1. From the list 68, 72, which residue is away from the ligand (no atom under 16 Å from the Cβ) and over 21 Å from residue 15 (Cβ atoms)?
2. List every residue pair whose Cβ atoms sit under 8 Å apart, with the two residues 6 or more apart in sequence or on different chains, where the first one lies in the range 218-239 and is touching a residue at least 60 places away in the same chain (Cβ under 8 Å) and at positive phi and the second, anywhere, is buried (at least 16 other Cβ atoms within 10 Å of the Cβ) and part of a loop (DSSP other than H, G, I, E, B).
3. Which members of the range 166-206 meet the condition of being in a strand (DSSP E or B) and out of contact with any strand residue (DSSP E or B) (no Cβ under 7 Å at 6 or more places or on another chain)?
4. State which residue is nearest to the chain's Cα centre (by Cα) when the search covers only the range 1-28 and only residues that are within 26 Å of residue 127 (Cα to Cα), surrounded by fewer than 20 Cβ atoms within 10 Å (Cβ to Cβ) and more than 12 Å from the ligand (Cβ to nearest atom).
5. Restricting attention to the range 256-280, which residues are over 28 Å from residue 17 (Cα atoms) and surrounded by 10 or more Cβ atoms within 10 Å (Cβ to Cβ)?
6. Here is a list of conditions, (1) under 16 Å from residue 133 (Cα atoms); (2) within 12 Å of the ligand (Cβ to nearest atom); (3) assigned to a helix (DSSP H, G or I), and residue 40 meets all of them except one; can you say which number that is?
7. Regarding the range 89-110, can at least one residue be identified that is under 19 Å from the mean Cα position of the chain (by Cα) and over 30 Å from residue 71 (Cβ atoms)?
8. Please determine, by comparing only the residues of the range 127-155 that are in contact with a helix residue (DSSP H, G or I) (Cβ under 7 Å, 6 or more places away or on another chain) and either more than 16 Å from the ligand (Cβ to nearest atom) or modelled with pLDDT under 95 (or both), which one is farthest from residue 53 (Cα to Cα).
Ligand code: UTP
């Protein structure tokens, strides 16, 4: 069985829900506490043993490449000023030379098309796919658990979580079959099912391990919902020849593609940071108190 060594990060979306913030800054560079969103996702992949990070980018996304590069004009002054802790932290997060690759999607034709753009960089091996919009919070990372399941099944893995049945029409939803190892067989997948038609309340949370045959399916460039080339459609086709397993992730997921989810992630991560948690919980309590209707005097 081939090891999962590479991860793909599709970062070519337009981020229209964050305009005007994303006019000049990619949404993946917006910060959760003091790290850009994309850093959390790359760290999750690294924790899962990923050795090569492939970014599918677009126009105005060059700063993502700079973020993962060495910056002598910053590192040297930090060293000279004795800020060794800060420097060590930056260096810990730094991919090694040759560990990153960047390609451009050129036209944002949908997630399936963005994944297809990574075909030559991935080659003939299984790969992890992490949507940077989704940020996870748990003891052990979602992708690390998925790699464990992959090592037992050797197939395609899709991470899922529960949502309210009434919300299922907003997501990609899987059908649940028999439990296998620490996961379950996926019996079907549907992108944004019509209300009342979802096969379960298990939504696809933006983490996948896929076999390279997905690229053959994506090659047809078939358009789906929203006239975009949809990854879910391609996975459904691949499912006729290969098994798909669900990994039931039990941690928290924040949808940082929407302002509400992004703000929630900021609060949740701030409350987990030992250096600022107490201050922030005081700030949040005071803000909530200020919102209470005043009792008439
Ligand atoms: P979204 O549709 O949520 O991202 O795609 P978006 O298009 O940037 O967001 P809005 O709706 O305009 O605010 C999910 C993921 O797929 C990537 C996005 O960058 C995001 O990580 N994506 C989507 C691409 O890389 N290319 C595409 O053509 C579409």
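The values are calculated or read from the model by the stated rules, or taken from the named source; none is laboratory data. For clarity, every value in this text was computed on a predicted model and none was experimentally measured. So basically every Cβ, Gly included, is an ideal-geometry build from the backbone, and we count neighbours across all protein chains shown.
1. Values: 68 fails: over 21 Å from residue 15 (Cβ atoms).
Testing whether each residue is away from the ligand (no atom under 16 Å from the Cβ) and over 21 Å from residue 15 (Cβ atoms) leaves just 72.
2. As it stands, the answer is 221/109; 221/229; 226/110, since those pairs meet every condition given.
3. 179
4. Of everything passing the filter in the range 1-28, 5 is nearest to the chain's Cα centre (by Cα).
5. If we filter the range 256-280 for residues that are over 28 Å from residue 17 (Cα atoms), which is where we start, we get 274-279.
Hits for the range 256-280 are 276, 277, 278, 279.
6. Just one mismatch for residue 40, condition (2).
7. Our first condition is that a residue be under 19 Å from the mean Cα position of the chain (by Cα); within the range 89-110, this holds for 93-95, 99-105, 108-110.
From the residues that got through so far, the ones that are over 30 Å from residue 71 (Cβ atoms) too are 109-110.
Yes; the residues of the range 89-110 include at least one that is under 19 Å from the mean Cα position of the chain (by Cα) and over 30 Å from residue 71 (Cβ atoms).
8. The extreme case among them is 137.
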